[in-house]
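Before any comments, here is the structure.
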Amino acid sequence: MTDKGVGILGVGSALPGRIVTNTDLEKTLDTSDEWIQSRTGIRERRIAEEGIVTSDLCTEAAHKALENAGITVDEIDLIIVATVTPDSPLPATACYVQAKMGAFKAAAFDIAAGCTGFIYALAVGSQFIKSGIYKNVLVIGAEILSRILDWTDRSTCVLFGDGAGAVVLGPVPAGQGLLSFKLGADGSLADMLCVPAGGTRMPACPESVEGRQHYVRMSGNETFKFAVRVMGDVTSQALDELGLTKDDLDFLIPHQANLRIIEAARKRFELPEERVMVNIDRYGNMSSASIPVALEDAVSTGRLKRGDLVSLVGFGAGLTWGAVIMRY
Ligand code: UT7
């Protein structure tokens, strides 16, 4: 174990160029721009072009993060990809990313923790550095959710988008970087947000395809109530671990599932609007990618400053939840 801290050395993101607006969706669905904006805060989302796979978005975001950190591909010891939309069930998407980057000195694996995936991956990746085993770890959150959405189901398909965000984790002086984590899960609530088929529970077969069982199913209302409670609670618990309170928090980067959920968290922590990252209006819910893309946005626009105490907080399928407190 090293006494040194572990922090974010560089950030990067990749977003498909194709923009699909709410008005575009009105053409094929019984929905409206007014309903989507007022209930969720989403105006538009990015949708990956045919032929682009999750590891492509990962690789683009990762190269940008490496450049931002000033380190080379050969210096990466480990690649962790958080995703629920891997290139294929086997192998891990992180292995495809490793090959595309030519990062052959790096170990590689995926983490699936729903929309909390990036927080879980940060927690795992940082332990390798803290323990002294590795120096630089690439952590990526990436999704092409558009490929697992039922585009005839207006209650889910309007909510999500595609994208990727990446960070390079490495050693920083003690007292800086990632200071505390709080992770949680309640598997008894798994069916609230899931893709029923395609695994051992319901292997792919003509009936599963016919029954549209390979697409995302969600009990939106129940997930909403759970999210409002857990986002605040888990952030408070992560602050408690450090003996800090909401008054110490400078900045919040929440998972982007619904603007009303984000607003509830903002009010609980009494933060002004400019101290809470919101990108859901432009990108929708990108699951594992929402938080790292918002982080990249906060850094590149100068809203998040070195020395700020920031909480990254998420929740999602599992159900899972997690928060990290970081001195950026
Ligand atoms: O990141 C993963 C975790 N996911 C989430 O956190 C999602 C959390 N949940 C939510 O964000 C919200 O629950 C939704 C945005 C999914 C839904 O908003 P809501 O205010 O909870 O609406 P609702 O599900 O109670 O539906 C209200 C009405 C229904 O019609 P009736 O039954 O009242 O006639 C729906 O059929 O809105 C209807 N509706 C729509 N109408 C137009 C549902 N989707 C749409 C739509 N366009 N796209």
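The values are calculated or read from the model by the stated rules, or taken from the named source; none is laboratory data. Computed from a predicted structure; not experimentally measured. Ideal geometry is used to build each Cβ from the backbone, glycine not excepted, and the neighbour counts take in all protein chains shown.
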Checklist line | Test: D186 is of a type in the set (D, E, K, R), in contact with a Ser or Thr (Cβ under 7 Å, 6 or more places away or on another chain) and surrounded by fewer than 23 Cβ atoms within 10 Å (Cβ to Cβ) | finding: no
Item checked: Listing of strands (runs of 3 or more DSSP E) fully contained in the stretch 38-156 that carry 2 or more residues being at negative phi and within 16 Å of the ligand (Cβ to nearest atom) -> 44-46, 137-144
Notebook entry, point to check: Which residues, counting only those in the stretch 297-328, are of a type outside the set (A, V, I, L, M, F, W, C) and surrounded by 24 or more Cβ atoms within 10 Å (Cβ to Cβ)?
Noted result: S311, G314, G316, T320, G322
Item checked: Single unsatisfied condition, T223 versus (1) touching a Leu at 6+ places or on another chain (Cβ under 7 Å); (2) modelled with pLDDT of 95 or more -> (2)
Notebook entry, point to check: over 30 Å from T152 (Cα atoms), of a type in the set (F, W, Y), under 20 Å from the mean Cα position of the chain (by Cα) and at pLDDT 95 or above, is that true of F109?
Noted result: yes
Check: Are any of the residues in the stretch 78-100 among the hydroxyl-bearing types (S, T, Y) and surrounded by fewer than 19 Cβ atoms within 10 Å (Cβ to Cβ)?
Finding: yes
Notebook entry, point to check: In the stretch 157-184, which residues are part of a strand (DSSP E or B), more than 14 Å from the ligand (Cβ to nearest atom) and of a type in the set (G, A, S)?
Noted result: A164, G165, A166, G170, G177, S180, G184
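Take the conditions within 15 Å of the ligand (Cβ to nearest atom), of a type outside the set (S, T, N, Q) and crowded, with 24+ Cβ neighbours inside 10 Å and apply them to G232. Does it pass?
Spelling it out, it is not the case that G232 is within 15 Å of the ligand (Cβ to nearest atom), of a type outside the set (S, T, N, Q) and crowded, with 24+ Cβ neighbours inside 10 Å.
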Checklist line | Members of the stretch 1-37 that are more than 16 Å from the ligand (Cβ to nearest atom) and assigned to a loop (DSSP other than H, G, I, E, B) | finding: M1, T2, D3, K4, L15, P16, G17, R18
